[in-house]
Every structure is written in structure tokens, then in C-alpha cells.
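Report on one structure; see the data block that follows.
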Amino acid sequence: MDIELKDLTVKVNDKIILNNFNLQINKGEIHAIMGPNGAGKSTLSKVIMGYPDYNIINGDILVNKESILKLKIDERSRLGIFLVYQNPISIEGVTMREVIKASVDANFENKKSLYEFVKELESSASKLEMDKKNLHRDFNLGFSGGERKKNEILWALMLKPKFIILDELDSGLDVDSLKIVTDAINQYLKENPDTSILIITHYTRILDYINPKFVHMVKDGSVIKSGDFSLAKLIEKNGYNQSFDIKEDTNCE
Ligand SMILES: Nc1ncnc2c1ncn2[C@@H]1O[C@H](COP(=O)(O)OP(=O)(O)OP(=O)(O)O)[C@@H](O)[C@H]1O
Ligand SMILES: [Mg+2]
């Protein structure tokens with residue numbers, strides 16, 4: 001899926017959080033965003049997903065060259081956008097299996113039988129080394145931080161998204177779980193090479209597993225520098241307040 005964020009300016013409660021944000025992600029590309037706390041990264045991901053609390057005062061979000069600004073969250077989900085939240089929400093009274101089944105049914109015209117669905121769900125859960133019993137627990141309720149992240153990836157695998165935003169997927173996942181989850185994502189990408197990915201992270205470890213073609217540094221709601229993987233290494237080493245003028249270090253245009 002091609003995604004273009006064009007001069008996106010977004011206000012929340014009268015405060016500008018995203019300021020002329022520009023980013024183009026082409027079909028099949030993996031991009032990463034790094035930036036200090038409060039830079040606007042999670043806001044960006046929720047704006048792309050269509051959260052109504054944000055006031056878009058300028059710019060556009062184009063998917064395959066068409067604006068999606070008028071589409072609601074569920075319509076964007078049907079288009080193939082999936083957001084793995086930094087802090088996944090829980091839902092009381094509905095099981096993991098029920099939530100995922102309902103969204104799969106809503107997103108695909110050809111409804112799967114319950115038997116087929118459960119078979120696929122359990123196979124994906126075992127890829128993620130999840131306990132199948134957890135599929136019968138309330139959605140994310142009482143799950144640990146890392147388990148919630150796995151639950152979200154399970155949901156993503158079942159929805160077969162075309163654009164996945166991973167908002168700090170790595171936070172909360174232990175070293176082994178991060179490997180298991182990123183292996184599953186890489187396998188998904190191999191089977192669905194047109195899928196685009198946006199990884200939001202503070203650390204390069206996840207990028208060692210899912211290699212981005214481009215890395216963008218975000219500060220005060222804008223992309224202030226773009227480069228390749230070496231930009232991520234430079235940020236991790238020296239932080240955000242260094243000079244980024246050294247071209248040979250970052251391979252930036
Ligand atoms: N509903 C809101 N009301 C007021 N301010 C908000 C609201 N939502 C976000 N903000 C502010 O917008 C800024 C950007 O928040 P955001 O969560 O996007 O940052 P972030 O880059 O994801 O940071 P982190 O790395 O800590 O996750 C913060 O200063 C935050 O307090
Ligand atoms: Mg955030």
C-alpha cells in the first residue's frame with residue numbers, strides 16, 4: 001500500500017502536535033520513525049488510524065493516491081491499515097477470539113467458517129508461542145505488557161493488513177518474545193511483499209530484526225531528518241541534540 005502524509009498539521013486541545021508533517025511510504029517499504037518523548041509519534045499513528053479527537057487543520061493523508069481523511073477508523077481498517085498501539089487497550093466481557101473473529105468478519109467479504117477461523121487463529125497463536133487458553137480470556141484484560149503486544153500482532157496476522165504501524169512494539173517485549181514476534185512479522189512480509197510498515201521506536205534492536213529502508217527523525221511534530229539505518233545508529237549513540245550535518249555518516253540527501 002502507498003501512503004503519503006502531506007503537510008499534515010494537527011491540533012489537540014488548541015495545541016499544535018503535528019506541524020507540516022511529510023512522509024511518503026511506498027508499497028512494500030519499511031520505514032522507521034525515531035524521536036524524543038512527546039515529539040508526536042503516537043499522535044501521528046492515531047491520526048493515520050482515524051481517531052476523532054484530533055483536529056486536522058491542514059494537509060492530507062493519501063492511500064494509493066486517494067485521501068482517506070473522511071474515512072472512519074473501521075473503514076480505514078477495511079482498507080488494510082492496522083495500528084499496534086503503544087499501550088493496547090483492554091475490553092471487558094469480550095474474549096480475544098470474539099474480538100478477532102468479529103473484525104475478520106467485518107473486514108472480509110468471504111466469511112470463514114468458525115472451524116477455519118479457529119484453525120488459522122490457533123496456528124498463528126502457536127507461531128507467536130502463545131498459550132491457546134489465552135484466546136478465551138477477555139480481550140487484553142489482565143494480560144502483561146508484553147502479552148498484550150503479542151495479542152495485537154496475532155490480531156494483525158489474522159486481519160492481513162497492507163499497512164502496519166508498530167508504535168513501540170518493542171517496549172514491554174522481552175528479548176526472546178521480540179525475536180518471536182519479529183520473526184512472525186518477517187514471515188508475513190515474505191508472504192505479503194506489498195505490505196508497508198512504519199516502525200516507531202526509541203531503540204535500534206527492533207530495526208536489527210525488521211530492517212527499515214528509511215529512518216526519519218521527528219522533533220516537535222515534524223520530520224527534521226531522513227536517512228538510512230545509519231541514522232538510527234547515530235541517534236541511539238548520540239541522542240537527538242547532536243548535529244546531523246555529517247553527510248557521510250547518515251547517507252542523507
Ligand atoms: N489529548 C491530548 N491532550 C493534550 N495533549 C496531548 C493529547 N494527546 C497528545 N498530547 C500531547 O502531544 C504531544 C505528543 O504526544 P505523543 O503521544 O504523540 O508523543 P510521542 O512522540 O508518541 O512520545 P513517546 O515517545 O513518549 O511515546 C505530547 O506533548 C502530549 O502530551
Ligand atoms: Mg508514543
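Rule-based calculations on the coordinates, nothing more; no lab input. No experiment lies behind these values; they were computed from the predicted model shown. FYI the Cβ positions are ideal-geometry reconstructions off the backbone, even for glycines, and counts take in every protein chain you see.
What to note about this one:
- Taking the average, over residues, of other Cβ atoms within 10 Å as the packing measure, peptides 15-22, 146-153 rank 146-153, 15-22 from highest down.
- If you take the alpha carbon atoms of the chain and fit the smallest convex hull around them, that volume is 129 Å³ per residue.
- Tail beyond 17 Å, pair distance distribution of the range 66-196 (Cα, percent): 58
- Linear extension gain, Asn134 paired with Asn87, 0.36 nm per residue minus alpha-carbon span: 15.0 nm
- Gain on full stretching of the segment that runs from Glu236 to Asn22 - 0.36 nm per residue minus C-alpha separation: 74.8 nm
- Multiplying the residue separation of Asn64 and Asp194 by 0.36 nm and removing their Cα-Cα distance gives an extension gain of 45.6 nm.
- Taking label positions 7 Å along the Cα-Cβ direction at both Glu116 and Arg205, the computed distance is 3.9 nm, reported to one decimal.
- Anisotropy class assigned to the range 158-227 is oblate, per the alpha carbon gyration tensor with a/c at or over the 1.5 cut-off and a/b no larger than b/c.
- Label point distance in nm, Gln187-Val12, each placed 7 Å from Cα along Cα→Cβ: 3.5
- Computed from the Cα positions only, the extents of the range 142-192 along the three principal axes stand at 30, 20, 16 Å, in decreasing order.
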